[in-house]
Amino acid sequence: MKTTVKIFSVLLICAALAAGASSIVITQENEYSLIRQFGKIDHVVSEAGISFKIPFIQSVDTLPKQILLYDLSSSDVITSDKKTMICDSYILWKIADPQKFAQTLNSSIPNAESRLDAIVYNSTKNIISSTSQDDVISGRDGELSAAIMQNIGNSLEQYGISLLSFETKKLDLPGDNKAAVYERMISERDNIAATYTAEGSSEAQIIKNTTDKEVTVLLSEAEKEAAILIAEGEAEYMRILSEAYNDESKQEFYSFVRSLDALKASMRGNNKTVILSPDSPIAQIFYGR
């Protein structure tokens, strides 16, 4: 009888320990803990640490809390001008609402990736199909990704998913027509550059002509002012001379100086000999007449 009691006590203790151990829920920093009761989600533990559940009645599932990467398959897309391009991209996403995620996607990451693949591919196809090939190529620095993200919008919220980023690893032309397309794009860019250059040259010529006209006007006015000043100066010079040699003695001295100046001007070259006739005004000055 005592042995039976001891065995029962041991079993009871083991059951108690098992129940206690099964009631403990340890939630890691990078995961959600979903507490289910009879298959339905009772509550979600989002904070890391230890929590409790009802043993044998409630169960626990976990979902990742960190940012996840999904690499989409490379696929062909058609632009608005009916040109084929190859798109290879990836997305960054995370579970924003674990309860909604579990209810709509059965807590399955592969189910979520399948849904993401379809939604992102359709959005990529819609955006590229409404964009010309040239704009697709020039928008690879971020404009295309932004347009695809905007097109997806909030459509993933119904699955408890938050799409963080869409990035293209490769968005290129098929190998058989890549060179021809690039040559056409280069030719178009050269034509645009030539147009800008011609317009710039035309504007520069207009500015140059206007400037030359203004300079000509300014020079003409300056020459006019200079001529007026020279004429006024000569007139003042003649007035001063007239006043200075107004009497007879000064007039004789003035005539003497002017004669010397004339004599000096006539002595050119290496020969400094001057022959004067006796009745020359200059000779008469030297004769003292």
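The values are calculated or read from the model by the stated rules, or taken from the named source; none is laboratory data. All figures in this text were calculated on a predicted structure; none of them were measured in a lab. All Cβ positions, glycine included, derive from the backbone under ideal geometry; neighbour counts span all protein chains shown. We work out accessible area using only protein heavy atoms, side chains counted, and drop any ligands, DNA or RNA first. Shrake-Rupley method; radii C 1.70, N 1.55, O 1.52, S 1.80 Å.
Annotation: of all residues in segment 190-244 being among the polar types (S, T, N, Q) and at pLDDT below 85, the one that is farthest from Arg258 (Cα to Cα) is Asn191.
Which one is nearest to the chain's Cα centre (by Cα) among residues in segment 123-142 that are without any contact (Cβ under 8 Å) to a residue 40 or more places away in the chain and open to solvent by 70 Å² or more (accessible area, probe 1.4 Å)? Explain how you work it out, then say what you get.
Of segment 123-142, the ones without any contact (Cβ under 8 Å) to a residue 40 or more places away in the chain are 123, 126-127, 135, 138-142.
So of that shortlist, the ones also open to solvent by 70 Å² or more (accessible area, probe 1.4 Å) come out as 126, 135, 140-141.
On the way: Asn126: 26, Asp135: 16, Arg140: 13, Asp141: 10 Å.
Among those residues, the one meeting the criterion is Asp141.
Whether a residue is more than 30 Å from Ser33 (Cα to Cα), at pLDDT 80 or above and in a helix (DSSP H, G or I) was assessed, and Ala118 does not pass this test. For segment 121-165, the set of residues classified as in contact with a Ser or Thr (Cβ under 7 Å, 6 or more places away or on another chain), of a type in the set (Val, Ile, Thr) and not in a helix (DSSP H, G or I) consists of Thr131 only.
Can you tell me which residue within segment 65-95, out of those that are hydrophobic (A, V, I, L, M, F, W, C) and open to solvent by 60 Å² or more (accessible area, probe 1.4 Å), is modelled with the lowest pLDDT? Once the filter is applied, the top-ranked residue is Ile78. Looking only at residues in segment 42-64 that are part of a strand (DSSP E or B) and within 43 Å of the chain's Cα centre (by Cα), the one that is surrounded by the fewest Cβ atoms within 10 Å (Cβ to Cβ) is Pro64. Within segment 40-51, residues that are over 23 Å from Leu105 (Cβ atoms) reach partners that are outside any strand (DSSP E or B) and polar (S, T, N, Q) with beta carbons closer than 7 Å, at six or more positions or on different chains, in the pairs Ala48/Gln28. In segment 151-175, the residues that are open to solvent by less than 40 Å² (accessible area, probe 1.4 Å) form Cβ pairs under 6 Å with partners that are acidic (Asp, Glu), at six or more places apart or across chains, as follows: Gly160/Asp97.
Here Ser165 fulfils each of the conditions (1) touching an Asp or Glu at 6+ places or on another chain (Cβ under 8 Å); (2) at pLDDT 85 or above apart from (1).
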